[in-house]
């Protein structure tokens, strides 16, 4: 009888161990914790010298909504150094929309490889996020998985950097005037991570963490350029923090060629799109994301 019980509990122990191992492996695959930004089975992508470009203009089809003017009385530095400060929810000029993240969402290279199956080297250069004039500069930025973000405080006041991701780890750190730079990175892809300053509630930024380098942010003139794109056919997405997201299907990049993909947003949200070959406007897909327990 004792031997049967011992065997029974031994079997249960083995089964539970195998289940735990399976869950751990699955989590590693899902989060890319192998260190390969394209996933544990990804093929490392190497430029062939025939890469192309995706470029375009992001327009605002109508009058931009007015940004609000926050109360600066609680911080004399902000009040004196940037007295006309406004929020940056929608930044547009002459019908051109800034701060729009444009990126390759999916697609297949000309030699038949799914872009999601490829791995990419993490850039050695850090991306700078500066707190300047009681604003985050830039307001929207893209980085690759594990790429360093160099966070500076150029103001003579204390700021508080607080990213609030869903799949990466949340953190919250003060940075007084004259303090050393804060260097951070995110190990998992995520679009998009909101960043706030607990000290100044109007200060906001947005960080897109990408598996690949095929992304850009529109400038004040509404233009963007994504360089080094392998020849192939791709789905391109434009994202704006207030005006929504639009998906542009079937953008074909020829070897050493340039594909044009223009976007046009409505001031009330939603968008229309135009570009090169068989373009289709699709609604944004709202997929719930699970919070990671720490």
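When both residues are 6+ apart or on different chains and their Cβ atoms are under 6 Å apart, which pairs have a first residue that lies in the stretch 188-203 and is under 18 Å from residue 116 (Cβ atoms), and a second that is modelled with pLDDT of 95 or more and surrounded by fewer than 19 Cβ atoms within 10 Å (Cβ to Cβ)?
Once the first residue is under 18 Å from residue 116 (Cβ atoms) and sits in the stretch 188-203, its partners that are modelled with pLDDT of 95 or more and surrounded by fewer than 19 Cβ atoms within 10 Å (Cβ to Cβ) give 188/167; 190/167.
Go through the stretch 231-272 and give me each residue that's in a loop (DSSP other than H, G, I, E, B) and either buried (at least 17 other Cβ atoms within 10 Å of the Cβ) or more than 16 Å from the chain's Cα centre (by Cα) (or both).
Result: 231, 241, 243, 254, 255, 256, 257, 266, 267, 268, 269, 270.
Picking from 68, 80, 106, which residue would you name as being modelled with pLDDT of 95 or more, exposed (fewer than 11 other Cβ atoms within 10 Å of the Cβ) and not in a helix (DSSP H, G or I)?
Being modelled with pLDDT of 95 or more, exposed (fewer than 11 other Cβ atoms within 10 Å of the Cβ) and not in a helix (DSSP H, G or I) holds for just one of 68, 80, 106, which is 68.
List every residue pair whose Cβ atoms sit under 7 Å apart, with the two residues 6 or more apart in sequence or on different chains, where the first one lies in the stretch 66-89 and is within 15 Å of residue 159 (Cα to Cα) and the second, anywhere, is part of a helix (DSSP H, G or I) and modelled with pLDDT of 95 or more.
Close Cβ pairs (under 7 Å, with a partner that is part of a helix (DSSP H, G or I) and modelled with pLDDT of 95 or more) amount to 72/78; 72/79.
Of the residues in the stretch 184-214, how many are surrounded by fewer than 23 Cβ atoms within 10 Å (Cβ to Cβ) and part of a strand (DSSP E or B)?
The total comes to 13.
If you take the residues in the stretch 165-183 that are in contact (Cβ under 8 Å) with a residue 24 or more places away in the chain and part of a strand (DSSP E or B), which one is surrounded by the most Cβ atoms within 10 Å (Cβ to Cβ)?
Residue satisfying both the conditions and the ranking: 175.
Say whether the condition of being within 22 Å of the chain's Cα centre (by Cα), surrounded by fewer than 17 Cβ atoms within 10 Å (Cβ to Cβ) and under 25 Å from residue 215 (Cα atoms) is met by at least one residue in the stretch 89-103. So that I can check it myself, show each step before the final result.
Taking the stretch 89-103 first, the residues within 22 Å of the chain's Cα centre (by Cα) are 89-92, 96-103.
Keeping just the survivors that are surrounded by fewer than 17 Cβ atoms within 10 Å (Cβ to Cβ) gives none.
No, the conditions are met nowhere in the stretch 89-103.
One residue is enough: does the stretch 24-34 have a residue meeting the conditions at pLDDT 60 or above and either in contact with a helix residue (DSSP H, G or I) (Cβ under 7 Å, 6 or more places away or on another chain) or farther than 26 Å from residue 132 by Cα (or both)?
As a first pass, look at the stretch 24-34 and keep what is at pLDDT 60 or above: none.
No, there is no match, as no residue in the stretch 24-34 is at pLDDT 60 or above and either in contact with a helix residue (DSSP H, G or I) (Cβ under 7 Å, 6 or more places away or on another chain) or farther than 26 Å from residue 132 by Cα (or both).
Of (1) surrounded by 15 or more Cβ atoms within 10 Å (Cβ to Cβ); (2) in contact with a strand residue (DSSP E or B) (Cβ under 7 Å, 6 or more places away or on another chain), residue 154 satisfies all except one. Which?
(1)
If I ask for residues that are surrounded by fewer than 18 Cβ atoms within 10 Å (Cβ to Cβ), touching a residue at least 40 places away in the same chain (Cβ under 8 Å) and on the phi < 0 side of the Ramachandran plot, which ones from the stretch 112-137 would you list?
113, 116, 117, 121, 122, 123, 126 - these are the residues of the stretch 112-137 that are surrounded by fewer than 18 Cβ atoms within 10 Å (Cβ to Cβ), touching a residue at least 40 places away in the same chain (Cβ under 8 Å) and on the phi < 0 side of the Ramachandran plot.
What is the one condition in (1) in a strand (DSSP E or B); (2) at pLDDT below 95; (3) surrounded by fewer than 19 Cβ atoms within 10 Å (Cβ to Cβ) that residue 289 does not satisfy?
It fails just one condition, (1).
The values are calculated or read from the model by the stated rules, or taken from the named source; none is laboratory data. Please read these numbers as outputs of a predicted model, since none were measured by experiment. FYI the Cβ positions are ideal-geometry reconstructions off the backbone, even for glycines, and counts take in every protein chain you see.
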